[in-house]
Amino acid sequence: MPRNDMGTPTLRLIVMGVSGCGKSTMAQALGERLGLQMVDGDDLHLPESVAKMRSGIALEDADRWPWLDRIGAYLSQADAPGRVVACSALKRVYRERIRAQAGDVCFVFLDGDFELIDQRMRQRVGHYMQPDLLSSQFRTLEKPLADETDVIRLPITEPVQDMVQQALVALRARTSSGLHPVL
């Protein structure tokens with residue numbers, strides 16, 4: 001884990017998963033609990049990409065590369081205690097791109113089935129990501145495999161505070177000395 005000049009660990013988290021799985025809510029909750037700066041990866045999209053998604057057009061990799069680079073750069077500039085970003089990171093190559101930019105990062109994968117997430121998406125109001133694009137998100141999703149050892153998998157069937165607690169337990173297990181005083 002990277003440390004600042006004072007030797008304090010700097011935590012870099014990505015809360016990942018398909019649209020509608022609860023990334024923003026979970027990233028906000030983790031940020032509050034750990035004292036981390038939080039940004040929603042959606043806020044780092046270019047206006048053209050947002051316009052595409054608002055129109056129901058799925059993004060292509062060419063749209064995503066600069067976005068992933070901005071996310072990685074945001075994380076790489078973190079001071080202690082760190083930063084958390086809500087970002088889909090659907091493909092392994094996207095996660096690799098973020099790792100290359102950000103350095104030591106931990107992904108918290110919010111895993112859920114299509115029916116539950118579709119139901120959640122149809123209930124939210126005012127989000128530019130159209131529920132009809134959920135199928136393309138699931139087609140794109142490459143669930144992290146066991147060799148991606150920097151990934152914590154959480155089922156989204158639990159209440160957010162329970163998921164936060166599970167994430168904290170898993171983060172503690174990743175380090176023997178503890179990540180942060182509030183852990």
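Might you tell me the accessible area per residue for the chain, computed with a 1.4 Å probe and given in Å²?
48 Å²
Label Q123 and I57 with points 7 Å out from Cα along Cα→Cβ: what is the distance between them in nm?
Distance between the two pseudo-spin positions: 3.2 nm.
For the range 154-174, list residues with backbone N below 14 Å from a point placed 7 Å from the Cα of L116 toward its Cβ?
Residues 154-164 qualify, since their backbone N sits under 14 Å from the label point.
In the chain, with Lys and Arg counted as +1 and Asp and Glu as -1 at Cβ, which of these residues, I117, Q166, A102, has the Cα nearest the positive end of the dipole, that is, farthest along it?
Selected residue: Q166.
Taking the Cα centre of the range 52-108 as origin and charging only Cβ (+1 Lys, Arg; -1 Asp, Glu), how large is the dipole, in debye to the nearest 20?
180 debye
What percent antiparallel are the DSSP beta bridges of the chain, to the nearest 5?
Close to 5 percent.
Suppose a student asked you for the relative contact order of the chain, using Cα pairs under 8 Å spaced at least 6 residues apart; what percent would you report?
Computed over the chain, the figure is 32 percent.
Rounded to whole Hz and in sequence order, give me ³J(HN,Hα) for the range 69-75 from the Karplus expression 6.51 cos²θ - 1.76 cosθ + 1.60, θ = phi - 60°, writing x for Gly and Pro.
Calculated HN-Hα couplings, in order: 5, 5, 5, x, 5, 4, 5 Hz.
Between beta-carbons, use under 12 Å as the cut-off and find the net charge around V160, counting Lys and Arg +1, Asp and Glu -1.
-1
Could you give the angle, 0 to 90 degrees to the nearest 10, between helix 23-34's Cα long axis and the longest principal axis of the Cα atoms of the chain?
Taking Cα atoms only, the helix is inclined about 20 degrees.
Once label points are set 7 Å from the Cα along Cα→Cβ at both E148 and V50, what is their separation, rounded to one decimal in nm?
Spacing of the two 7 Å Cα→Cβ label points: 2.6 nm.
In whole Hz, with x marking every Gly and Pro, tabulate ³J(HN,Hα) for the range 76-81 from phi via Karplus 6.51 cos²θ - 1.76 cosθ + 1.60, θ = phi - 60°.
5, 8, 5, 9, 4, x
Carbon and sulfur: what percent of the range 30-70's accessible surface (1.4 Å probe)?
52 percent
Using only Cα atoms and rounding to the nearest 10 degrees, what angle (0 to 90) does helix 92-102 make with the longest principal axis of the chain?
Helix 92-102 sits roughly 40 degrees off the main axis of the chain.
Within 10 Å, count the other beta carbons around each residue, average over each peptide in 20-33, 138-151, and list them highest first.
Order by mean packing, descending: 20-33, 138-151.
Specify which labelled value, from (i) 15.9, 45; (ii) 15.8, 48; (iii) 21.4, 85, agrees with Rg and Dmax of the Cα atoms in Å derived from the coordinates of the model shown.
Structure-derived value, by its label: (ii).
The values are calculated or read from the model by the stated rules, or taken from the named source; none is laboratory data. Remember, it's a predicted structure, so these values are computed and weren't measured experimentally. Cβ coordinates were reconstructed from backbone atoms using ideal geometry, including for glycine residues, and neighbour counts include every protein chain displayed. The area values use the complete protein model at the heavy-atom level, side chains included, leaving out ligands, DNA and RNA. Shrake-Rupley method; radii C 1.70, N 1.55, O 1.52, S 1.80 Å.
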